[in-house]
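Data first, discussion second: the structure below is written as structure tokens.
Readers should treat all values here as calculations from the given coordinates under stated rules, not as data from a laboratory. Worth saying up front: this structure is predicted, and the values here are computed from it rather than measured. Reconstructed Cβ throughout: ideal geometry from the backbone, glycine too, with neighbour counts over all protein chains shown.
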């Protein structure tokens with residue numbers, strides 16, 4: 001659906017430019033945008049590679065596992081229907097811990113494993129998500145982030161005087177979004193009568 005929206009916006013923009021006699025502006029904007037995208041992408045490669053390397057060292061040193069151990073009590077509260085030693089619980093804790101540390105690449109495989117394991121516990125139809133699956137998806141998409149490496153990289157590329165100034169606001173914003181996701185999940189469960197199954 002989003003693809004159709006973008007396509008409609010592009011076509012509408014081209015039509016408006018053609019009607020106003022500014023079709024060359026569309027061509028110029030397309031090439032300028034492509035040029036900027038390549039420059040940003042190449043600049044970000046070095047920055048993201050560095051931060052992913054640092055995070056990989058932190059992961060190898062056990063920081064992700066230590067964080068997973070710290071969030072275990074919260075996970076037991078949020079997912080009462082998932083057994084403590086079930087592989088889904090471990091995968092969810094590793095996914096959220098990696099997201100908290102800004103390790104999106106490490107978080108994705110764990111998220112997929114977590115959903116597969118949660119599906120094994122799902123007593124509903126195979127095409128209907130369980131309460132635990134919905135909660136995990138809400139947490140995964142709104143997870144608090146301590147180190148926003150991509151944003152820091154982009155600010156650095158554009159010559160920001162203090163590229164890390166966004167760390168504090170990012171932590172606050174993502175903490176708020178995660179709190180809202182948890183509250184909304186609980187409220188919707190009460191409204192629609194969801195129970196862990």
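Observations on the model:
- Axis angle, to the nearest 10 degrees, between helix 131-141 and the longest C-alpha principal axis of the chain: 40 degrees.
- Centre separation in Å (Cα based) which lies between region 85-103 and region 125-197: 14
- Ordering of 143-156, 165-178 by packing [mean C-beta count within 10 Å, highest first]: 143-156, 165-178
- Shape of region 43-192, Cα gyration tensor, a/c cut at 1.5: prolate
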